Amino acid sequence: MNGPVFLAYDYPVLGAFWTVLFITLATMWFILLFRVVADIFRDHTMGGPQKALWLICVLCLPFLGVFVYVIARGGAMGEREARRDAELRQAMSASAARTGAPSGTTPRDLDELAKLADLKAHGDISEAEYAHAKERILH
């Protein structure tokens, strides 16, 4: 054979550990960075200039900017996320109530009901099949 042959045992276990650790931490870092940038844009309590300054700080000095943002506004960031989730749940409940679906209906059930209505509208299933499938989904 010409040249070196690299086998699995040529890569030390500790090297594999550090590689996996680095990839995991880098992934977590990018998730945090994207969440901070999204929070900057979603926060309605800040004005445009303040948002621009935070964005410049986060993008030009990413590690320092993100850590300062999380320390300064991290608690409010969690509150805004919880409030947004509650608003989405309330909107889904209101949407389900308008369509006549029971209160325990999930978004997946609503999607299935929409597909069933589409099949019925195209004539792919009969009224009886539609009623049976709708009853099965809702109960």
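Details
- Listed by first and then second residue, the pairs linking a residue in segment 116-134 that is closer than 22 Å to Thr106 by Cβ to a residue that is surrounded by 12 or more Cβ atoms within 10 Å (Cβ to Cβ) and aromatic (Phe, Trp, Tyr), with Cβ atoms under 8 Å apart and 6 or more places separating them unless they lie on different chains, are Leu116/Tyr130; Ala117/Tyr130; Leu119/Tyr130; Lys120/Tyr130.
- Within segment 16-24, at least one residue is closer than 24 Å to Gly78 by Cβ, at pLDDT 90 or above and either among the small types (Gly, Ala, Ser) or open to solvent by 40 Å² or more (accessible area, probe 1.4 Å) (or both).
- When we screen Leu110, Leu59, Leu55, Leu64 for residues that are open to solvent by less than 70 Å² (accessible area, probe 1.4 Å), part of a helix (DSSP H, G or I) and at pLDDT 85 or above, the only hit is Leu55.
- Taken over segment 34-52, the residue count meeting the criterion of being in contact with a helix residue (DSSP H, G or I) (Cβ under 6 Å, 6 or more places away or on another chain) and open to solvent by 50 Å² or more (accessible area, probe 1.4 Å) is 0.
The values are calculated or read from the model by the stated rules, or taken from the named source; none is laboratory data. Bear in mind the structure is a predicted one, so any value in this text is a computation, not a measurement. In this analysis, Cβ positions are derived from the backbone assuming ideal geometry, glycine residues included, and neighbour counts consider all displayed protein chains. Heavy atoms of the whole protein, side chains included, go into the accessibility calculation; ligands, DNA and RNA do not. Shrake-Rupley method; radii C 1.70, N 1.55, O 1.52, S 1.80 Å.
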